[in-house]
Amino acid sequence: MENINLSYLRPLKAKKLQNTYESSLIEKQSLNADVYSNATILPLKKHHTEHLLFGYAGVLDSDGYYVSESAIEGVVESGYQSQCEKTIDKKVVYCGYLVNHWGHFLVEAVARLWYFLENDETIDNYVFVIDCEEEREIKGNYKEFFELPGVWDKLEIINQPQKYREVVVPELGYERTKHFSEQFKNIFKTVGDNIVADGTWNRYDRVFFTRSHLKKANQFEIGNDFVDSFFENNDYKILAPEEITLSQMIFYLRNSNVCAMVSGTLHHNVLFGNDGQDIIIIEKQPFTIDHTVGINIAKHLGVIYIDANLSIYPVDFGAGPFILAPTKCFKRFVDDYSYRMPNESYLSERYLKKAFKKYIKKYVGYYGYQWVVKEAYYSNIDYIYEAYMESWNVYNKFLTLKKPFKFSHLFCSVYYKGFIKRLIGFLVKR
């Protein structure tokens, strides 16, 4: 905990996160890899629920029983019936579901790839599964990730059940809230060690990984431009990871002293960075992400968390909408570290009103008028309320209909009635 600074989080959230750091994640000194003869690898059958992120996939042994070691709890679990008559004469490694989401890819899809670094010459292929009947071309940073350590030519991607002579099922090198290992970290070290730096790439002492160039992020993360302005004013190099190659991203990350980002799966990229590196996380919601804690512990990172969010209603963890804004915690960080504030336009009432209007529009458009309640929120209600109270102090006039914030409100009688009542009250006092 000595390298984790929680001073710029709201108090209840800081206490919860401190407990999480003190109670979670052990380091495994060695990992196992079990071998199954005449085993079947199952592609993903989607089955998304509140308790299962992706669906059914994994390995069946020769008797048709599900190999529990092939699951990732809460992510990919359980098998299904399969009729594979033909056995492919290969010894392969089951690597898991090749999720097409970069953040999940880094912490889940490649968590068994440590076995490649064991240099087992008896292995014919490293097998990833995708959705049943899905066709997908592996390209961009995903392809580069596999090319850099040399595993690309041995990859096999399947979308139908396949039975193999032997299937190796490596233990997960990292599992959320449970354990990490040096073998898992070595995957990213090996990828990074194999990049070839271009002579035109510059080193920057401070880098900020922005999400403002992503169309969907700009729609649901209101205020990415505010965060960009803040870091730009403090001499950070603003980088959009999706617009550069993986090699470039790793180069900039490894050669920086401080790396900053908005909370979310973008943070997972620090796995490619240096152990002990300093990072800043701008928190966009009342909750914290378990993977963030695990990665920070595994990498021994020096971390400053900053609550720079206004939260009105509970929202889906990954979907939002979120409002990024200059909160009390944010302003304290600026003062304590002698940072410069973002441009004046982001400190104005106009900016806060604009953010609120966009938030309400996106919330209603995504959820209708329902209140978003998930089982995972039950233990977090204190942090939701804590964030709401600061947001209430900013937006209570809009929330109580004392002040219009949409053009259509000019035609609503409630605002005229409110104005008349306030006017009468003013005249009576006089």
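Structure data summary
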{"item": "Counted residues, the stretch 215-236 - those being without any contact (Cβ under 8 Å) to a residue 60 or more places away in the chain, touching a helix residue (DSSP H, G or I) at 6+ places or on another chain (Cβ under 9 Å) and surrounded by 17 or more Cβ atoms within 10 Å (Cβ to Cβ)", "result": "2"}
{"item": "Scan of the stretch 237-251 for residues that are surrounded by 20 or more Cβ atoms within 10 Å (Cβ to Cβ) and modelled with pLDDT under 95, ordered by number", "result": "Pro241"}
{"item": "Filtered residues of the stretch 158-199 (kept if β-branched (Val, Ile, Thr) and open to solvent by 60 Å² or more (accessible area, probe 1.4 Å))", "result": "Thr177, Val196"}
{"item": "Residues that are farther than 30 Å from Ser391 by Cα and surrounded by 22 or more Cβ atoms within 10 Å (Cβ to Cβ), drawn from the stretch 274-293", "result": "none"}
{"item": "Matching option when the condition is surrounded by fewer than 19 Cβ atoms within 10 Å (Cβ to Cβ) and more than 22 Å from Leu106 (Cβ to Cβ), among Arg254, Arg332", "result": "Arg332"}
{"item": "Qualifying position, being surrounded by fewer than 16 Cβ atoms within 10 Å (Cβ to Cβ) and either among the aliphatic types (A, V, I, L, M) or at positive phi (or both), among Asn38, Asn32", "result": "Asn38"}
{"item": "Pairs where the first residue, in the stretch 111-127, is surrounded by 21 or more Cβ atoms within 10 Å (Cβ to Cβ) and the second is among the polar types (S, T, N, Q), C-beta under 8 Å, 6+ apart", "result": "Trp114/Ser181; Trp114/Gln183; Trp114/Asn186; Val127/Gln162"}
{"item": "Candidates Asp335, Asp307, Asp316, filtered to the one that is of a type in the set (D, E, K, R) and closer than 12 Å to Ile281 by Cα", "result": "Asp307"}
{"item": "Long-range neighbours under 7 Å by Cβ, at least six apart or interchain, first residue over 16 Å from Asn296 (Cβ atoms) within the stretch 167-181, second polar (S, T, N, Q) and part of a strand (DSSP E or B)", "result": "Gly173/Ser181"}
{"item": "Condition met for Ser78 (polar (S, T, N, Q), open to solvent by less than 70 Å² (accessible area, probe 1.4 Å), touching a Phe, Trp or Tyr at 6+ places or on another chain (Cβ under 7 Å) and over 26 Å from Ile187 (Cα atoms))", "result": "yes"}
{"item": "Where a residue in the stretch 128-147 is basic (Lys, Arg) and its partner, wherever it lies, is assigned to a strand (DSSP E or B) and open to solvent by 30 Å² or more (accessible area, probe 1.4 Å), with Cβ under 8 Å and at least six apart", "result": "Arg136/Ile157"}
{"item": "Selection status of Thr49, more than 21 Å from Pro161 (Cβ to Cβ) and among the polar types (S, T, N, Q)", "result": "yes"}
{"item": "Of all residues in the stretch 382-393 being touching a Pro at 6+ places or on another chain (Cβ under 9 Å) and among the hydrophobic types (A, V, I, L, M, F, W, C), the one that is surrounded by the most Cβ atoms within 10 Å (Cβ to Cβ)", "result": "Ala387"}
{"item": "Filtered residues of the stretch 235-292 (kept if under 20 Å from Tyr339 (Cβ atoms) and β-branched (Val, Ile, Thr))", "result": "Ile238, Val258, Val262, Ile279, Ile280, Ile281, Ile282"}
{"item": "Residue check, Met341 within 21 Å of Phe231 (Cα to Cα), out of contact with any Asp or Glu (no Cβ under 7 Å at 6 or more places or on another chain) and in contact (Cβ under 8 Å) with a residue 60 or more places away in the chain", "result": "yes"}
{"item": "Scope the stretch 24-43; condition in a strand (DSSP E or B) and either at pLDDT 95 or above or over 15 Å from Ala111 (Cβ atoms) (or both); matching residues", "result": "Ile26, Ala33, Asp34, Val35, Tyr36, Ser37, Asn38, Ala39, Thr40, Ile41, Leu42, Pro43"}
{"item": "Search result, residues across the stretch 363-392 that are in a helix (DSSP H, G or I) and small (Gly, Ala, Ser)", "result": "Gly365, Ala376, Ser379, Ala387, Ser391"}
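Yes/no matrix, rows are residues, columns are (1) closer than 21 Å to Ser181 by Cβ; (2) open to solvent by less than 40 Å² (accessible area, probe 1.4 Å); (3) modelled with pLDDT under 95; (4) part of a strand (DSSP E or B):
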site: Leu12; (1), (2), (3), (4): no, no, yes, no
site: Thr20; (1), (2), (3), (4): yes, yes, yes, no
site: Lys45; (1), (2), (3), (4): no, no, yes, yes
site: Tyr56; (1), (2), (3), (4): no, no, yes, yes
site: Asp63; (1), (2), (3), (4): no, no, yes, no
site: Ser82; (1), (2), (3), (4): no, yes, yes, no
site: Glu85; (1), (2), (3), (4): no, no, yes, no
site: Tyr94; (1), (2), (3), (4): yes, yes, no, yes
site: Asn100; (1), (2), (3), (4): no, no, yes, no
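The values are calculated or read from the model by the stated rules, or taken from the named source; none is laboratory data. Keep in mind the model is a prediction, meaning the values are calculated, not measured. Glycine gets a Cβ as well: all are built from the backbone with ideal geometry, and neighbour counts include every protein chain shown. These area figures cover heavy atoms from the full protein model, side chains too; ligands, DNA and RNA do not enter into them. Shrake-Rupley method; radii C 1.70, N 1.55, O 1.52, S 1.80 Å.
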